[in-house]
Structure formats: C-alpha cells, structure tokens
Amino acid sequence: MPRSPLIAPSLLSADFARLAEEAQRVADADWLHFDVMDAHFVPNLTFGLPVMQAVQAVSPVPLDCHLMIEGPERWAPGYAEAGARNVTVHAEACTGDPRAVARDLRAAGSLAGLALKPSTPLEEYLDVLPAFDTLLVMTVEPGFGGQRFIAETLPKVRRARELVDTGHLTLLVEVDGGINADTIEQAAAAGADVFVAGSAVYGADDPARAIAGLRAQAAAARQR
Ligand code: DX5
Ligand code: ZN
C-alpha cells in the first residue's frame, strides 16, 4: 500500500509563551501533535481544551490531540467538537468499552485514536481496534518529551502494520516518543505511518528543515 509518511511535531517541546508562532514554525508539517496531560494518568500537567481551542484557531495544520488523562470518555469529544483532526485516548485509561469513545469522537467529526503504553499488548485490543482510525504506539513511557526511544516497542508496530496490510484493520499506525534522525528509520521500516517528533523538531535550529529531513528518511526507509 503506498502511503506517504505524516510528520506531527509535538507542541510539548515548543515555547509555551509563544504558541501561535510555534505553530506557524511547523506550517509544513502534516499534523500538529497536542499532548494533554492531567497529572493523574501521567506525572505531568500540560494544557487542556481552552488552550487547544486557542491553538486550533491559529494553527496552519490540523491538530492531533493525544489525551494522557483519566476519564477520556468525559473529555475527549470536546476536542473533536473543537475541530481536532484526530483525538487519541489511552486504552489503559478507558473505564468502559473504548469503542464507545471512538463512536463519540467520530460523531463529533474527528478521527478516533487508541494509544497503548509501551508495556500494553496490542492483542488485548484487537476486538476494539476496528472502531478506530489511528493506533498510537507509544515508543517511550508517556509523560515527558526528550526521552530515549524504546526499540522493544517495534514488534507492536510490525504486528499492527501486518494487520493493516492483510486487511484485518484499517487504521494509521502512529509512533510517539524519541523519534529523531537516529530512530525514525527503524520505526518507518517497522511500518509506522505517522511520526510524532517533539524535541527533534522544536529543538532544531530550523524546524522546517528537520521536518523535511524526517519525512525523507521515513519515506526512504519504508521503501526498502
Ligand atoms: C510524551 C508525548 C510525546 C512527546 C514526544 O508523553 O506523548 O508526544 O512530545 O517528545 P519527543 O519527540 O521529544 O520524545
Ligand atoms: Zn504525544
């Protein structure tokens, strides 16, 4: 299946005092990744819906909201209603059937994403994944930017790719955490479609060049 890689810079590594300008600096990205953390599901606190709405109003690229929060059933649809392209909830945080959240997200107009922490097996969620449009395989423990890529998560990416390529699932496979020039090729070769990169993009002198470089690396690695 021909698919061009999508690059999603994470605003977590941007300057929070200048979010509008920081969104503009990655105007040639595919999605802008927006990490919502609640200090309960993960030991960090970032921003929520009001900030997302403000960024949504000025962002040149669609928002990809990654909710690292408890009670995603309650909060996730608000991000879809606010105009997010994709809203991802953590499987580990869902108290009921994750398919209900997926349905609410799609009804509110966004894609529905399911995220798995590094130690969460894919096999436990095979029944619910047909309800989702994206699968976010965390390649670090959620909570902070700038961590080291965990290569042990790659078999999960490969398995998801296989399920998509054999027609068992229809979704985009997304990787998040520690993605940079040294690791993106492994993730791309394993079959990821969407690449979140925080420090590798916002930590670069020229974010636009960093995005182009990552995209080229991912595209080349997928063709090998
Ligand atoms: C971590 C977040 C990531 C983070 C990635 O919990 O979900 O999106 O911004 O940052 P880097 O690319 O620096 O690992
Ligand atoms: Zn994220």
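The values are calculated or read from the model by the stated rules, or taken from the named source; none is laboratory data. This one's a predicted model, so the numbers in the text were calculated from it and none came from an experiment. Using ideal geometry, Cβ is built from the backbone for each residue, glycine included, and neighbour counts are taken over all protein chains shown. Keep in mind that these areas ignore ligands, DNA and RNA; they rest on the heavy atoms of the full protein, side chains included. Shrake-Rupley method; radii C 1.70, N 1.55, O 1.52, S 1.80 Å.
For the residues ARG161, ARG18, ARG148, a GNM of the chain with alpha-carbon springs under 10 Å puts the largest fluctuation on ARG18.
For the chain, DSSP calls about 5 percent of its internal beta bridges antiparallel.
Carbon and sulfur together cover what percent of the accessible area of the chain at a 1.4 Å probe radius? Working shown, then result.
Working: 4820 of 9490 Å².
On the chain, the fraction of accessible area on carbon and sulfur atoms equals 51 percent.
Please report, in debye to the nearest 20, how large the charge dipole of the chain is about its Cα centre when each Lys and Arg carries +1 at its beta carbon and each Asp and Glu carries -1 there.
Working: 18 positive and 29 negative charges, 90 e Å.
About 440 debye.
Take the Cα of GLU141, go 7 Å toward its beta carbon, and the backbone nitrogen atoms of the range 30-56 under 19 Å from that spot belong to 36-46. Between ALA220 and ALA17, residue separation times 0.36 nm minus the direct Cα-Cα distance comes to 69.5 nm. Kirkwood hydrodynamic radius, computed over distinct alpha-carbon pairs, for the range 170-209: how many Å, to one decimal? The Cα-based Kirkwood calculation yields 10.7 Å.
Under 5 Å from the amide H of ALA197 lie the amide H atoms of ALA8, SER10, each residue being 5 or more positions distant or on a separate chain, with H modelled from the backbone and absent for Pro and chain starts.
Counting pairs of alpha carbon atoms under 8 Å apart in space and at least six apart in sequence, what relative contact order in percent does the range 139-213 give?
Numbers: 94 pairs, mean separation 23.7, N = 75.
Value for the range 139-213: 32 percent.
Working note: Debye formula, equal point scatterers on the alpha-carbon atoms of the chain, no solvent; log10 I(q)/I(0) at q = 0.12, 0.16, 0.18 Å⁻¹ is -0.56, -1.06, -1.38.
Across the range 29-44, rounded Karplus estimates of 3J(HN,Hα) from the backbone phi angles (6.51 cos²θ - 1.76 cosθ + 1.60, θ = phi - 60°) give 7, 8, 10, 10, 7, 10, 8, 9, 10, 10, 6, 10, 5, 10, x, 7 Hz, Gly and Pro being marked x. Subtracting the Cα-Cα distance of ALA212 and ALA57 from 0.36 nm times their residue separation leaves 53.3 nm of extension gain.
Computed from backbone phi with θ = phi - 60° and the Karplus coefficients 6.51, -1.76 and 1.60, the 3J(HN,Hα) list for the range 84-94 is 4, 6, 9, 10, 10, 10, 7, 4, 5, 9, 6 Hz; x is used for glycine and proline.
In the full protein context, the chain carries 42 Å² of accessible surface per residue, based on a 1.4 Å probe and ignoring ligands, DNA and RNA. Near ASP35, once Lys and Arg are set to +1 and Asp and Glu to -1 for all other residues with Cβ below 10 Å from its Cβ, the sum equals -2.
Per-residue extension of 0.36 nm, minus the Cα-Cα distance of ARG74 and ALA181, leaves a gain of 34.8 nm for this segment.
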